[in-house]
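First the structure, in the form of structure tokens, and then the observations on it.
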Amino acid sequence: MLLASVVLIAGFVLLIKGADYLVSGASALAKRIGVSDLVVGLTVVAFGTSTPELLVNIFASAQGNTDIAIGNIVGSNIFNIFLILGISSLVYPLAVTKGTVWKEIPFSLLAVLVLGALSNDILFDRAGASVLGRIDGFVFLSFFVIFLYYIVSISTRTDANQGEGAVQFSVTRSLVMTIGGLAALVFGGKLVVDSAVTIASSLGVSQSLIGLTIVAAGTSLPELATSAVASYRKNAEIAVGNIVGSNIFNIFFILGISSLIKPLPIVGVINIDILVLIASTLLLFFFMFTGKRRMIDRWEGAVFIMLYLSYMVFLIKKG
């Protein structure tokens, strides 16, 4: 148990540092080839901070630990909204653009609704069991392609802001950071999955609970660091865009890839957690119209944090 805990922490360290190096190296490379700051922010930053979830899910799916794979994504998305946006808005109130309110946040809500529909074969298709199969994986990835098209359409309508906001490294150093970061993510992801399964067995709790709590929180640490720092620097668009983009990426791309690797049986009571995720996304949208419009105020951030703590208490009692 003690050894597994040490290995889990080591895996999280590798995931965090790996994501940091991957984002920094890939951002520098993107800037050198003329990609705009906007596209870098919506893709490299948001998707790069979600690479820990991606690697953990790839290993979990390949090894048949489906509760960890699904719990990791649902738990990470709840953690992103309630805790990360809550903390970030306490650091500095988060004002966002009209496009984020009416396009990106609703698209993240669509992602959760699609997940809820595809993971309830028993309810909608009268099937004997609910499974996220390979067809479902293709559906997820199809929506992800639509999201990428949306990002490209934004970049073509917005002036590129080149040469600002990204640390410039040499091509060689950027490549080394990108490849080294990816290697750390692969190794760290393997350590996290293996140690999480061991801890769940030792404590006698479900893998779903471990996935929704420890694994989800650990893989979301890069998002927490990114959004908190962005909020401190009063860059609300990156703070919020990173979370919304990561949530979309987590469901449409990561679960899509995970379902293609191996169908994911829905064996736990995941519907309650999906409902919590739907509620958190709706509340995020609602908060755009309370207090100052298109802004998450400090009191709203405090509400997010209180709700997350309540959700953790519920999970522990259920588990």
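Here the extension length gained between Leu282 and Ala183 equals 32.0 nm, from 0.36 nm per residue of separation less the Cα-Cα distance. Taken along the Cα-to-beta-carbon direction at a fixed 7 Å, the label points for Phe289 and Val6 span 5.5 nm. Only Lys, Arg, Asp and Glu carry charge here, each on its Cβ (+1 for the first two, -1 for the last two); on that basis the chain has a dipole of about 380 debye about its Cα centre.
Based on C-alpha pairs under 8 angstrom that are at least 6 apart in sequence, segment 2-318 has a relative contact order of 44 percent. Distances between placed amide hydrogens fall under 5 Å for Val131 paired with Asp121, Ile266, all partners being 5 or more residues away or on another chain. From the Kirkwood radius over Cα pairs of segment 2-318, Stokes-Einstein at 10 °C and 1.306 mPa s returns a whole-number translational diffusion coefficient of 81 µm²/s.
Projecting the Cα positions of Val91, Val152, Gly137 onto the charge dipole of the chain (unit charges on Cβ atoms of Lys, Arg, Asp and Glu, taken about the Cα centre) puts Val91 furthest along the positive direction. A dipole drawn for the chain from +1 and -1 charges on Cβ atoms has a positive end, and of Leu315, Gly189, Gly48 the residue lying farthest that way is Gly48. Maximal additional length on extending the Ala129-Lys98 stretch stands at 7.0 nm, based on 0.36 nm per residue less the C-alpha distance.
Throughout, read-outs are computed from the coordinates displayed, never taken from laboratory work. None of the values given here were measured: they were computed from a predicted structure. With ideal geometry, Cβ positions are generated from the backbone for all residues, glycine too; neighbour counts draw on all protein chains shown.
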